[in-house]
Amino acid sequence: MDYIKVDNKTGGKYIEDYRKLTLEYSISVGGLEKYFEGLKNGVLYASKCKSCGSIYYPPRSSCGKCGSSDIVWIELGKEGTLLTFTEINVKPATHSHYDDYIIGIGSFNGVKVLGLVEAKYDELKIGMKIRYEIVVREPENYYIIVFTPI
Amino acid sequence: MCRNVAVIGVGSSKYGRRTDVSFMELAWEAYKEALDNSGVSPGDIEYVVYTSVGGYSPEGSPAGILNEYLELNPKGTSRIEAACTSGSAGIFFAYNLIKSGYADIVLVLGIEKMMESSTPQTLELLARLGNYFWEVRDYGITFPGYYALFMNRYMAVYNASEEDFCKVAVKNHYYGARNPKAQYRREISLEDCINSRYIARPIKLFDCSPITDGSAAAILVGEEYASKYSDSPIWIKGIASASASALLTGREDYLSIPSAYEAAKKAYKMAGVDDPLKYIDVAEVHDCFTIAEVMAYEDLQFAERGKGIELIREEQTYIGGKIPVNLSGGLKSKGHPIGATGVGMIAELVKQLRGEVERDRQAPIKNGCALAHNVGGIGQYAYITILSLK
């Protein structure tokens, strides 16, 4: 067995770590269950503070500006504007199984939302009109916001 | 309480793929150099700040094991983390320890050994310096991806091209080629950059700073100790920190790093700098991607909004231009060991102000004033430090 290995680029010697660690988390959603329920039903919610009117996306269950915990859920309009976008060509470890994907930031009545963009890169233009929908993404089967040009 | 604070010694390892040394040996390189050129003996050091983001190499709490290896026990210690500004945050913490009177002599040592991780693992860990829950987990954004969103928007709004941004890479490689401690010691052509593959379109491989192993160290002292140890102490005249939304969707726009602008305003005020182009001889800015350097020109008020791109088109940030920037090669060519980068910037600028760097990348020192601009994450952290010979 090759106990001490050689990095061919530098000649440096190393031992490959024989302890492997997979990190797994159970992530609390706190007071935002309504948001994730909304995704299941194809609805995108922001939170609005009843006391000072501040709108948050992503939503939060208390208002950071005035401190109130009295919030209402508002549904975002389906049509908006593409503010910017990029295509991810070199992917992080947990996304390496996807083909190259485009992500963008859209503005929906002034509320900014991050989403996956379903279009060819060259067809996209900053300032163009887009629509969002909530889609189930394979193979994990999670809900994701997808923008398409109108 | 109001005493001034000086940097009296700095050190840096060679940056690069440092599989030839262990984690401890990498730290030792910077520490030994800083100790030697400060004249301080280990026993004089009162507190040690380690700066490291961590995760790229397997040690979970590096401060303790490093303090032991450097024979600095029983001095008090901790690790400071603020993404890619960890190093500057460490300098800020050390500055304030001395300013408050708690300590007179403090060592800051930054280290990251990123090559102990695979590239996909490193990209994953880097991406998680943003907001994992809302933006990384579902959308698989990467660090190049964050900055690509800014670059696309900047190009559309200010009519800049991918080629314009490549000029930043060409400049930084030009100087990196002349820095023996740089990761990439070779010049590149505009075509090399333009023809390189997309990493996060429109960001190409040569728009990106590399993954780097490296360490850097700085020894800070209160003013009563500066002349005892050093003939050329470098004074910290301004140091400031600011923050901005880590969520992309929390930003007003994607054309600047608001925290860097805020921190610069504070640091300029503290140092009495009204016009940076008039006072600052040389700057190290956070060029993790070429777009980041262009936004830095504007956030630091070297250029008006939308005009940063003209500074590089006109080669105004080379030696001989309006303000030389990244004569070390920058993150782009010198390398970016994320937790060490901020300390490395201070190490470079101290040597620049002392006239100690290689001749063909030495800035003319007229006013004796230098600036470090360090951005963490996508600008949720920013630190600006202004150094002076006087």
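Taking the condition of being more than 14 Å from chain A (Cβ to nearest Cβ) and buried (at least 19 other Cβ atoms within 10 Å of the Cβ), how many residues in the stretch B:187-208 meet it?
2
Scan the stretch B:10-18 and give yes if some residue there is surrounded by 20 or more Cβ atoms within 10 Å (Cβ to Cβ), touching a residue at least 12 places away in the same chain (Cβ under 8 Å), hydroxyl-bearing (Ser, Thr, Tyr) and within 14 Å of another protein chain (Cβ to nearest Cβ), otherwise no.
Within the stretch B:10-18, one or more residues are surrounded by 20 or more Cβ atoms within 10 Å (Cβ to Cβ), touching a residue at least 12 places away in the same chain (Cβ under 8 Å), hydroxyl-bearing (Ser, Thr, Tyr) and within 14 Å of another protein chain (Cβ to nearest Cβ).
With respect to residue B:150, is the statement that it is under 23 Å from residue A:91 (Cβ atoms) and either within 13 Å of chain A (Cβ to nearest Cβ) or at pLDDT below 95 (or both) true?
Spelling it out, residue B:150 is indeed under 23 Å from residue A:91 (Cβ atoms) and either within 13 Å of chain A (Cβ to nearest Cβ) or at pLDDT below 95 (or both).
Mind checking which pairs have a first residue in the stretch B:21-47 that is at positive phi and a second that is part of a helix (DSSP H, G or I) and surrounded by fewer than 21 Cβ atoms within 10 Å (Cβ to Cβ), Cβ under 6 Å, 6 or more apart or different chains?
B:39/B:229
Does the stretch B:24-33 include one or more residues that are at pLDDT 95 or above, under 19 Å from the mean Cα position of the chain (by Cα) and under 21 Å from residue B:239 (Cβ atoms)?
Scanning the stretch B:24-33 turns up at least one residue that is at pLDDT 95 or above, under 19 Å from the mean Cα position of the chain (by Cα) and under 21 Å from residue B:239 (Cβ atoms).
Scan the stretch B:236-267 for residues that are assigned to a helix (DSSP H, G or I), closer than 30 Å to residue A:58 by Cβ and away from chain A (no Cβ under 14 Å) and report the count. Before the answer, list the steps.
Residues of the stretch B:236-267 assigned to a helix (DSSP H, G or I): B:248-250, B:258-267.
From what's left, closer than 30 Å to residue A:58 by Cβ: B:248-250, B:258-266.
Among the residues that remain, those that are also away from chain A (no Cβ under 14 Å) are: B:258-266.
Qualifying residue count, the stretch B:236-267: 9.
Among the residues that make up the stretch B:136-144, is at least one of them among the small types (Gly, Ala, Ser), on the phi > 0 side of the Ramachandran plot and not in a helix (DSSP H, G or I)?
Going residue by residue through the stretch B:136-144, those that are among the small types (Gly, Ala, Ser) are B:140.
Adding the requirement that they be on the phi > 0 side of the Ramachandran plot leaves B:140.
Those left that are additionally not in a helix (DSSP H, G or I): B:140.
Yes - at least one qualifying residue is present in the stretch B:136-144.
Tell me whether the stretch B:225-235 contains one or more residues that are within 20 Å of the chain's Cα centre (by Cα) and either within 23 Å of residue B:379 (Cα to Cα) or crowded, with 24+ Cβ neighbours inside 10 Å (or both).
Taking the stretch B:225-235 and keeping what is within 20 Å of the chain's Cα centre (by Cα), we get B:234-235.
Pick out the ones that are also either within 23 Å of residue B:379 (Cα to Cα) or crowded, with 24+ Cβ neighbours inside 10 Å (or both) and you get B:234.
So far as the stretch B:225-235 goes, yes, one or more of its residues are within 20 Å of the chain's Cα centre (by Cα) and either within 23 Å of residue B:379 (Cα to Cα) or crowded, with 24+ Cβ neighbours inside 10 Å (or both).
Please pick out the residue among A:146, A:90 that is surrounded by 15 or more Cβ atoms within 10 Å (Cβ to Cβ), under 13 Å from the mean Cα position of the chain (by Cα), more than 17 Å from residue B:250 (Cβ to Cβ) and within 11 Å of chain B (Cβ to nearest Cβ). Full working, then the answer.
On the way: A:90 fails: under 13 Å from the mean Cα position of the chain (by Cα).
Checking each option against the conditions leaves just A:146.
Can you report the number of residues in the stretch B:132-176 which are of a type in the set (A, V, I, L, M, F, W, C) and within 18 Å of the chain's Cα centre (by Cα)?
Quick first cut of the stretch B:132-176, residues of a type in the set (A, V, I, L, M, F, W, C) only: B:133-134, B:136, B:141, B:143, B:148-151, B:155-157, B:160, B:165-166, B:168-170.
When the remaining residues are screened for being within 18 Å of the chain's Cα centre (by Cα), the result is B:143, B:168-169.
Adding up the residues that qualify gives 3.
Residue by residue through the stretch A:1-48, note down the ones that are over 18 Å from the mean Cα position of the chain (by Cα), facing chain B (nearest Cβ under 10 Å) and β-branched (Val, Ile, Thr).
A:6, A:10 - these are the residues of the stretch A:1-48 that are over 18 Å from the mean Cα position of the chain (by Cα), facing chain B (nearest Cβ under 10 Å) and β-branched (Val, Ile, Thr).
Among the listed residues B:160, B:127, B:156, identify the single one that is within 14 Å of chain A (Cβ to nearest Cβ), in contact with a Pro (Cβ under 8 Å, 6 or more places away or on another chain) and of a type in the set (A, V, I, L, M, F, W, C). If you could, list the steps in order and put the result at the bottom.
Values: B:160 fails: in contact with a Pro (Cβ under 8 Å, 6 or more places away or on another chain); B:156 fails: in contact with a Pro (Cβ under 8 Å, 6 or more places away or on another chain).
After ruling out the rest, the residue left standing is B:127.
Give me a count of the residues in the stretch A:78-87 that are away from every other protein chain (no Cβ under 12 Å) and either farther than 17 Å from residue A:114 by Cβ or among the acidic types (Asp, Glu) (or both).
1
Show me the helices (runs of 4 or more DSSP H) found entirely inside the stretch B:268-369 where at least 1 residues are of a type in the set (Ser, Thr, Tyr) and within 25 Å of residue B:92 (Cα to Cα). It would help to see each step written out before you state the result.
Details: elements: B:276-279, B:290-299, B:308-313, B:330-333, B:341-353.
Those helices (runs of 4 or more DSSP H) span B:276-279, B:290-299, B:341-353.
So which of A:91, A:20, A:13, A:9 ends up being within 25 Å of residue B:19 (Cβ to Cβ), free of Cβ contacts under 8 Å to residues at least 24 places away in the same chain and assigned by TED's automatic domain parsing to the domain that holds residue A:136?
On the way: A:20 fails: assigned by TED's automatic domain parsing to the domain that holds residue A:136; A:13 fails: assigned by TED's automatic domain parsing to the domain that holds residue A:136; A:9 fails: assigned by TED's automatic domain parsing to the domain that holds residue A:136.
Exactly one of A:91, A:20, A:13, A:9 is within 25 Å of residue B:19 (Cβ to Cβ), free of Cβ contacts under 8 Å to residues at least 24 places away in the same chain and assigned by TED's automatic domain parsing to the domain that holds residue A:136, namely A:91.
Within the stretch A:49-77, how many residues are away from chain B (no Cβ under 14 Å) and buried (at least 18 other Cβ atoms within 10 Å of the Cβ)?
Summing the residues that are away from chain B (no Cβ under 14 Å) and buried (at least 18 other Cβ atoms within 10 Å of the Cβ) in the stretch A:49-77 gives 3.
The values are calculated or read from the model by the stated rules, or taken from the named source; none is laboratory data. Model, not experiment: these values are computed from the prediction. We place every Cβ from the backbone using ideal geometry, glycine too, and count neighbours over all the protein chains shown.
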